[in-house]
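Here the structure comes first, spelled out in structure tokens, and everything after it is commentary.
FYI, it's all coordinate maths here, none of it is from the lab. What you see is a predicted model; the values in this text were computed from it and never measured. We place every Cβ from the backbone using ideal geometry, glycine too, and count neighbours over all the protein chains shown.
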Amino acid sequence: QVQLVESGGGLGQPGGSLRLSCAASNTPPGLVTMGWFRQTPGKEREVVAFIEPSGFTGYGDFVKGRFTISGDSGKATVDLQMNNLQPEDTAVYYCYMDGTDGRDWGQGTQVTVSS
């Protein structure tokens with residue numbers, strides 16, 4: 001059973017930084033794409049960032065250079081460095097992994113940005 005656990009969420013100040021981490025256990029063999037979505041109550045989940053086994057990364061349009069994703073797809077670990085946080089970044093952030101059996105999700109970590 002694949003398990004993904006996020007950490008690093010909490011309270012950040014506008015203009016501040018947080019670093020989220022995600023680690024998977026019981027992963028299937030082979031390289032996997034991993035990334036982050038986020039969700040605010042009443043809204044659908046939106047893509048934050050992803051990283052492919054090749055190292056290719058992608059970001060949601062709202063990121064605008066503020067976030068950086070990194071990790072090791074082979075080891076199924078991924079980090080999200082979040083800089084210049086804004087109140088609208090407040091959401092639950094979910095780590096995901098695309099393996100041979102489909103997409104697996106973490107339980108999410110709350111990020112709140114407020115002064």
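The relative contact order of the chain, computed from alpha carbon pairs under 8 Å that lie at least 6 residues apart in sequence, is 36 percent. Most tightly packed first, judged by the mean number of other beta-carbon atoms within 10 Å of their residues, the peptides 49-61, 66-78 read 66-78, 49-61. Cα centroid separation, segment 59-115 to segment 4-24: 8 Å.
Local charge for residue 30 was computed over the other residues whose Cβ lies under 15 Å away, with Lys and Arg +1 and Asp and Glu -1, and equals -3.
Let me know the shape class of the chain, please: from the alpha-carbon gyration tensor, a ≥ b ≥ c as square roots of the eigenvalues, rounded when a/c is under 1.5, otherwise prolate if a/b is greater than b/c, or oblate. It comes out prolate by the Cα gyration axes. Taken about its Cα centre, the chain carries a charge dipole of about 220 debye when Lys and Arg each add +1 at the Cβ and Asp and Glu each add -1 at the Cβ. When the Cα gyration tensor is reduced to axis lengths a ≥ b ≥ c, the ratio a/c is 1.5 or higher for segment 39-104, and with a/b not above b/c it is classed as oblate.
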